[in-house]
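> Below is the structure I would like to discuss, written out as structure tokens.
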Amino acid sequence: MEFENKVVLITGGGGGIGKAAARRFLEEGAAGVVLNSRRQEVLDAAKAELDPSGERTKLFAGDASKRETVKALVAAATQRFGGVDVLVNSTGIFRVKPFEEESEEDFEEAIDSILRPTFYTSQAAVAEMRRRGGGAIVSVGSMWAVDAIVTTPTSAYSAAQAGRHALTKNLSVELAKDNIRVNTVALAFVETPAYERFMTPEQARTVLDSVNGFHPLGRHGQPEDVVEAILFLASERAGWITGTTLPVDGGVLAGRSPAAA
């Protein structure tokens with residue numbers, strides 16, 4: 001039970017990678033897991049699946065891009081479970097769009113779904129982690145923050161994710177004295193509901209199946225592929241690791257597969 005007596009806060013915790021991470025933290029004995037999403041119905045569905053009794057989960061619906069909202073989120077976690085030990089920043093909307101077609105709304109959507117929640121939620125959680133003697137922040141980043149992919153123009157998304165990656169290094173240096181570690185996982189194509197925000201489920205399936213060959217390991221990822229890396233970086237096993245970005249990408253960032261040409 002690696003996370004016994006630990007309290008975990010997950011933004012974007014109602015589905016996809018966030019929900020899969022919540023399941024594993026609960027399995028590893030977390031005393032409490034606080035799930036945040038903008039949509040209450042998504043959170044209710046996650047609770048029914050993960051912890052129907054609600055004994056070890058707390059739901060908090062709200063927009064994590066708002067500073068006052070995440071202050072209230074951290075306060076709710078502290079009131080219910082006594083503090084925060086682990087923060088997983090798992091918000092984000094992936095949208096493919098040529099640069100010259102990106103609107104102000106598209107850019108703000110990327111910043112509001114990725115960068116602002118990471119900045120404000122991490123900022124709000126630090127005091128509680130410090131009070132408990134330290135903690136771990138793990139953000140869900142992206143290979144698109146590291147490399148540009150010709151077939152998937154994502155300038156707004158990539159810029160926001162690059163900010164998330166930059167925060168990893170900055171916060172790791174500033175917070176090391178407080179025994180708060182900060183790391184990121186950088187993903188390639190992972191099968192989550194995020195794709196269905198801008199295409200039908202059938203289209204999403206077609207796209208994901210079509211990019212299997214893009215990954216040297218021959219398939220796109222599943223949330224479960226990512227979660228073990230998140231748990232490792234959040235655990236004491238990674239006690240001397242901070243400020244890093246770990247690719248969890250089927251080998252994409254190691255070199256392009258011929259199928260991607």
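The values are calculated or read from the model by the stated rules, or taken from the named source; none is laboratory data. As the structure is a prediction and not an experimental result, all values here were calculated from the model. Virtual Cβ from ideal backbone geometry, glycine too; neighbours counted across all protein chains shown.
> Just one of the numbered conditions (1) over 24 Å from GLY62 (Cα atoms); (2) within 18 Å of the chain's Cα centre (by Cα) is not true of ASP147; which one?
Of the numbered conditions (1) over 24 Å from GLY62 (Cα atoms); (2) within 18 Å of the chain's Cα centre (by Cα), the odd one out for ASP147 is (2).
> Could I ask something else about it? Return the residues of segment 145-160 that are among the small types (Gly, Ala, Ser), touching a residue at least 40 places away in the same chain (Cβ under 8 Å) and out of contact with any Phe, Trp or Tyr (no Cβ under 7 Å at 6 or more places or on another chain); say none if nothing qualifies.
First, the residues of segment 145-160 that are among the small types (Gly, Ala, Ser): 145, 148, 155-156, 158-160.
This time we only want the ones that are touching a residue at least 40 places away in the same chain (Cβ under 8 Å), so: 145, 155-156, 159-160.
Those that are among the small types (Gly, Ala, Ser), touching a residue at least 40 places away in the same chain (Cβ under 8 Å) and out of contact with any Phe, Trp or Tyr (no Cβ under 7 Å at 6 or more places or on another chain): ALA145, ALA159, ALA160.
> Sticking with this one: Of the conditions (1) closer than 22 Å to VAL88 by Cβ; (2) buried (at least 18 other Cβ atoms within 10 Å of the Cβ), PHE214 satisfies every one except a single condition; which number is it?
Every listed condition holds for PHE214 apart from (1).
> Being buried (at least 16 other Cβ atoms within 10 Å of the Cβ), farther than 22 Å from LEU175 by Cα and of a type in the set (Asp, Glu) is the requirement here; does ASP51 meet it?
Values: buried (at least 16 other Cβ atoms within 10 Å of the Cβ): yes; farther than 22 Å from LEU175 by Cα: yes; of a type in the set (Asp, Glu): yes.
So ASP51 passes the test.
> Within segment 92-110, how many residues turn out to be out of contact with any strand residue (DSSP E or B) (no Cβ under 8 Å at 6 or more places or on another chain) and closer than 17 Å to MET143 by Cα?
2
> Give the number of residues within segment 46-61 that are within 22 Å of VAL226 (Cβ to Cβ), of a type outside the set (Lys, Arg) and part of a helix (DSSP H, G or I).
Residues in segment 46-61 being within 22 Å of VAL226 (Cβ to Cβ), of a type outside the set (Lys, Arg) and part of a helix (DSSP H, G or I): 3 in total.
> Let me ask something additional. Could you grab me the full set of residues in segment 168-207 that are farther than 19 Å from VAL226 by Cβ and either assigned to a strand (DSSP E or B) or modelled with pLDDT of 80 or more (or both)?
LYS169, ASN170, LEU171, SER172, VAL173, GLU174, LEU175, ALA176, LYS177, ASP178, ASN179, ILE180
> Right, here's the next one. Need pairs with beta-carbon distance below 7 Å; first residue in a loop (DSSP other than H, G, I, E, B) and within segment 4-18, second of a type in the set (D, E, K, R); sequence gap 6+ or separate chains.
Short answer, once both residue conditions are applied: LYS6/ASP85; GLY13/LYS19; GLY14/ARG39.
> Take segment 67-99 and flag every residue that is among the hydroxyl-bearing types (Ser, Thr, Tyr) and either assigned to a helix (DSSP H, G or I) or more than 17 Å from the chain's Cα centre (by Cα) (or both).
Initially, segment 67-99 is screened for residues among the hydroxyl-bearing types (Ser, Thr, Tyr), giving 69, 78, 90-91.
Result: THR69, THR78.
> Another one. Give me a count of the residues in segment 21-45 that are assigned to a helix (DSSP H, G or I) and crowded, with 23+ Cβ neighbours inside 10 Å. So that I can check it myself, show each step before the final result.
Keep residues of segment 21-45 that are assigned to a helix (DSSP H, G or I), which gives 21-27, 40-45.
Next, from what is left, pick out any that are crowded, with 23+ Cβ neighbours inside 10 Å: 21-22, 25.
Counting residues in segment 21-45 that are assigned to a helix (DSSP H, G or I) and crowded, with 23+ Cβ neighbours inside 10 Å gives 3.
> If you don't mind, there's one more thing I want to ask. Within the set of pairs 6 or more residues apart or between chains, which connect a residue that is among the polar types (S, T, N, Q) inside segment 63-79 to a residue that is in a loop (DSSP other than H, G, I, E, B) with Cβ atoms less than 6 Å apart?
THR69/GLY62; THR69/ASP63
> Would you point out which residue out of ALA125, ALA136, ALA64 is closer than 26 Å to LEU246 by Cα, aliphatic (A, V, I, L, M), part of a strand (DSSP E or B) and out of contact with any Cys (no Cβ under 7 Å at 6 or more places or on another chain)? If you could, list the steps in order and put the result at the bottom.
Working: ALA125 fails: part of a strand (DSSP E or B); ALA64 fails: part of a strand (DSSP E or B).
Criteria check complete, one pass: ALA136.
> Are there any pairs, at least 6 apart or on different chains, whose C-beta atoms fall under 6 Å, with the first in segment 87-116 and over 23 Å from PHE189 (Cβ atoms) and the second among the β-branched types (Val, Ile, Thr), and if so, which?
Note: pairs meeting the criteria are LEU87/ILE137.
> Could you list, in sequence order, all residues of segment 229-245 that are out of contact with any Lys or Arg (no Cβ under 8 Å at 6 or more places or on another chain) and either in a loop (DSSP other than H, G, I, E, B) or of a type in the set (Phe, Trp, Tyr) (or both)?
Residues satisfying the conditions are PHE232, SER235, TRP240, THR244.
> For the subset of segment 67-77 comprising residues that are out of contact with any Phe, Trp or Tyr (no Cβ under 7 Å at 6 or more places or on another chain) and surrounded by fewer than 19 Cβ atoms within 10 Å (Cβ to Cβ), which member is farthest from GLU108 (Cα to Cα)? Walk me through it before giving the result.
Pass one, segment 67-77, residues out of contact with any Phe, Trp or Tyr (no Cβ under 7 Å at 6 or more places or on another chain): 68-69, 71-72, 74-75, 77.
Subset that is surrounded by fewer than 19 Cβ atoms within 10 Å (Cβ to Cβ): 68, 71-72, 75.
On the way: GLU68: 18, LYS71: 21, ALA72: 23, ALA75: 27 Å.
So the residue we want is ALA75.
> A further question follows. Output the residue which, of all residues in segment 4-49 that are β-branched (Val, Ile, Thr) and in contact with a helix residue (DSSP H, G or I) (Cβ under 7 Å, 6 or more places away or on another chain), is farthest from ALA76 (Cα to Cα). Give the derivation first.
Restricting attention to segment 4-49, the residues satisfying the condition of being β-branched (Val, Ile, Thr) are 7-8, 10-11, 17, 33-34, 42.
Narrowing the set further to residues that are in contact with a helix residue (DSSP H, G or I) (Cβ under 7 Å, 6 or more places away or on another chain) leaves 7-8, 10-11, 17, 33-34.
Working: VAL7: 12, VAL8: 12, ILE10: 13, THR11: 13, ILE17: 22, VAL33: 12, VAL34: 9 Å.
Filtering segment 4-49 for residues that are β-branched (Val, Ile, Thr) and in contact with a helix residue (DSSP H, G or I) (Cβ under 7 Å, 6 or more places away or on another chain), the one farthest from ALA76 (Cα to Cα) comes out as ILE17.
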